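What follows is one structure encoded as C-alpha cells, with my remarks underneath.
Bear in mind these aren't lab numbers, they're just calculated from the coordinates by the rules spelled out. The shown structure was predicted, so the numbers you read here are calculated from the model rather than taken from an experiment. Because the Cβ atoms are built from the backbone with ideal geometry, glycine has one as well, and the counts that use them run over all protein chains shown.
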Amino acid sequence: MGRQRCSNSDQRSLSECFHVNQYTAQAMDIVLHYTDYYFFTPYVYPSSWSEAGALRQIISLLVVTNLGAAAIYLLFGMFSYYFIFDHTLKKHPQYLPNQVQREIQYALKSMPWMSIPTVALFFAEVRGHSKLYDNIDDSHYGWFGVIFSMVSFLFFTDMCIYWIHRFLHHRFFYKHLHKPHHIWKIATPFASHAFHPVDGFLQSIPYHIYPFLFPLHKLVYLGLYIFVNIWTVSIHDGNYRVPKVLEEVINGAAHHTDHHLYFDYNYGQYFTLWDRIGGSYKCPSAFEGKGPHDYLRKLKAEGKLCGSSSSNGQTSNGKVCKEE
Ligand SMILES: [Zn+2]
Ligand SMILES: [Zn+2]
C-alpha cells in the first residue's frame, strides 16, 4: 500500500503520516488508521485489497465498533460493579433475580443491531462528510476553540438526549422501545447499555450528529465518546455522592435512580438544566433520605431483610430475601 510511518519529530498530521491515497488521506478515522496498520492489513485482509475500498472500510468499522463498544461496556461496567456499586442494593425488593446476568445479556444482544446504523454514520465521517479535523491549527480559535467544542458537545448532546428520552416515554413508543431499559428498577452499572437497539441508537444520535454540524478535533471526539460511555455507566452505579455545590446542577446516579423508579422525572444526561426548563426535575429521593439505601435500612431495622440481625436468615413471615 505504500504506507509510511512518521518519525517522532515529524509534525505532520496523522492522515499524512499514514499515506493511503488522495481520498482517504483527507478524513480517515484515527481508529481505522491504527487498526488497519497494526491488525487488518497484516493479519486479516489480502494485501491486494485497498484500504480505501468502501466494503473493506464498512467491515472494519463493524468489527471495531462492536468490539470497542463491548470492551468499553464490560470493562467500565465491571470496574464500577466491583469497586463502586453497593452490593447491598441487591437485597432491595425491586432488584430482579439474576439481574446482572440479564442486563449483560440484553446489552450484548442489542449492540450488534445498534452498530449497523452507527457504522453508517461512522462511514460518512471516514469518507470526509463531517467537520472533524486533525490538528489544533485547523481550529479557527486554536485551543480556545477546542475547549469550547468540548463544552458545547456536552450541552448540545444533553439537550438532544433530554428531548429524545422524553419522546421515548410517550405511550406510543415507550412499551415497544424504552420499556426494556426500565425493567431494571434498581439498576446496576450493567444496565447502562441494556437498551432496545432502536432506543440505544436514538439516544446516541446526538453524539454522532454533533461532528457533522460543528467542527470538532478527532482526538477530542474519541475522548468524549469514551467519556459519555463512562458517564452512562456512572449514573447507573447507585453511588449518589456528588460534590455538594454540584448536587443541584449535575444529573448523577441519584437523579437517574429516581428516573428508573418513578419514570417521568430526570430525563437528562449530564445536567439538570433541561429537566428544570421542561418541568420534569425531581429532587432525588436519596437526597431527602427516602432513597433505596434508606428503604433497605428501614427494612433491616424492622427485621424484614435477610441478613439483618433480627431476621435470623428466615425467608418466611414477610421477610424480604433478595440475592443475585
Ligand atoms: Zn427513561
Ligand atoms: Zn438508565
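Below 8 Å, C-alpha to C-alpha, sequence gap of six or more: please give me the relative contact order for the range 88-281 in percent.
27
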Task: Distance (nanometres) between label positions extended 7 Å along Cα→Cβ at Tyr174 and Arg276 - done: 2.6
Task: Residues Tyr82 and His129, FRET efficiency given R0 of 56 Å [Cβ-Cβ distance, rounded to 0.05] - done: 0.85
TODO: Mind checking the full-extension length gain between Gln105 and Tyr34? Use 0.36 nm per residue of separation minus the Cα-Cα distance, one decimal, nm.
DONE: 22.6 nm
Task: Rg and Dmax of the chain, Cα atoms only, in Å - done: 22.8, 76
Task: Mean Cβ neighbour count within 10 Å, used as a protection proxy, ranking 145-152, 193-200 highest first - done: 193-200, 145-152
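Please work out whether the range 146-251 counts as rounded, prolate or oblate from its C-alpha gyration tensor, where a ≥ b ≥ c are the square roots of the eigenvalues and a/c under 1.5 means rounded, while otherwise a/b larger than b/c means prolate and anything else oblate? Walk me through the numbers on the way to the answer.
Working: a/c = 1.86, a/b = 1.26, b/c = 1.48.
Oblate, because a/c is 1.5 or more while a/b does not exceed b/c.
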Open item on the list: I'd like to know which of His208, Phe40, Leu74 lies farthest towards the positive end of the charge dipole of the chain, counting +1 on Cβ of Lys and Arg and -1 on Cβ of Asp and Glu.
Closed with: Leu74
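With the alpha-carbon atoms as the only input, what is the per residue convex hull volume for the range 88-281 in Å³? Intermediate values should be presented prior to the final figure.
Working: hull volume 24.9 nm³, N = 194.
Convex hull volume per residue, Cα atoms: 128 Å³.
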Open item on the list: Can you give me the angle between helix 218-234 and the longest principal axis of the chain, using Cα atoms only, in degrees from 0 to 90, rounded to the nearest 10?
Closed with: 10
Open item on the list: Given Cβ point charges of +1 (Lys, Arg) and -1 (Asp, Glu) and nothing else, what value in debye, to the nearest 20, does the dipole of the chain about its Cα centre take?
Closed with: 1080
Task: In degrees, nearest ten, helix 54-83 long axis to first principal axis of the chain (Cα) - done: 30
Open item on the list: At a 10 angstrom cut-off on C-beta neighbours, averaged per residue, how do the peptides 243-250, 283-290 rank from highest to lowest?
Closed with: 283-290, 243-250
Open item on the list: Output the 0 to 90 degree angle, nearest 10, between the alpha-carbon long axis of helix 292-301 and the longest principal axis computed from the alpha carbons of the chain.
Closed with: 30
TODO: Divide by every residue of the chain the summed helix terms, -39500 (n - 2.57) for each DSSP H run of at least 4, and state the resulting mean residue ellipticity at 222 nm, rounded to the nearest 500 deg cm²/dmol.
DONE: -16000 deg cm²/dmol
